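The values are calculated or read from the model by the stated rules, or taken from the named source; none is laboratory data. The shown structure was predicted, so the numbers you read here are calculated from the model rather than taken from an experiment. Cβ placement follows ideal geometry from the backbone for every residue including glycine, while neighbour counts extend to all protein chains displayed. Keep in mind that these areas ignore ligands, DNA and RNA; they rest on the heavy atoms of the full protein, side chains included. Shrake-Rupley method; radii C 1.70, N 1.55, O 1.52, S 1.80 Å.
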Amino acid sequence: MCWFAGASAEASGNAPATPPPAETITVAPSRIAEARALVPPPLLHARFQPVVGTWVEYEYRSKQARFPVRVAVVGTTQREDGQVLYQVELDYQTEPRTLMVAWVVGGARPIVERMAVSVPPTAPISLPVDLYMDQPELRGTLTEEKPTDIRAGKFAGKAAQRVYRQEDQRVVTVVMTPKVPVSGVESIRDDTATWVARASGTGAQPALSAVPIAIPRLPQQ
């Protein structure tokens, strides 16, 4: 499954390939909705702060559900090309418990290389992604950026607010502050759901307990 255009993709094999050069990662318009569903909002809007062991817990709310989601950096791997690959886990505290794992290539513009989903008792499955954390097509058009204040809670203080408009006219409001570890995202709000950071800490350990079944990259279509 390949979501970018203008670059070649690896046709087979379970080992992750080196992501394509930064300037080639774009998303075909027909695949924006599918690609947007792959990268969870706290990562898509992140100003990535990859300190191993740190975590932030969000309260997720929609009309259908309300539950905590803990986002943590739980490990690193040094790749042959010298780049650092970070393992980031998102623990959706639902019933059944859902664990999403992202492998992120660090750097000035981090790239989500692969993601895995684990819902016991089903074996976890990983998918190739190769998208920027800040993939512009997925965030939408930035229509407003201004200083703001977080008035209460653990992350109270000066912050920045960004407003994006997506192609379906959905408006997404994101509040950013470096006080929030891992993502730098204090809250994300649109007309369907909200994510609000409530707590943070250190000492996070990997929760993925099985090697995911890796779906290989397919030739670009």
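Report, in whole Å, the centroid distance computed from the Cα atoms of the range 158-221 and the range 63-113.
After rounding, the separation between the Cα centres reads 10 Å.
Of all beta bridges DSSP finds with both residues in the chain, what is the antiparallel percent, to the nearest 5?
95
How high is the relative contact order of the chain, in percent, with contacts defined as C-alpha pairs under 8 Å that are six or more residues apart? List each step's numbers first, then the result.
Working: 528 pairs, mean separation 58.3, N = 221.
Value for the chain: 26 percent.
So which residue, out of Pro110, Pro136, Pro41, gets the largest mean-square fluctuation from a GNM of the chain using Cα contacts under 10 Å as springs?
The residue that fluctuates most here is Pro136.
Just flag the GluC sites (Glu not before Pro) in the range 60-143 sitting in loop per DSSP whose Cβ has no more than 15 other Cβ atoms within 10 Å.
Glu80
Counting only heavy atoms of the protein chains, get the accessible area per residue of the range 84-197 (1.4 Å probe) and round it to a whole Å² value.
Working: 4980 Å² over 114 residues.
In whole numbers, the range 84-197 has 44 Å² accessible per residue.
Given the -39500 (n - 2.57) contribution per DSSP H run of 4+ residues, what per-residue ellipticity at 222 nm results for the chain, rounded to the nearest 500 deg cm²/dmol?
Per the formula, -1500 deg cm²/dmol.
Counting only protein heavy atoms and using a 1.4 Å probe, what share of the accessible area of the chain belongs to carbon plus sulfur, as a whole percent?
Its accessible area is 54 percent carbon and sulfur atoms.
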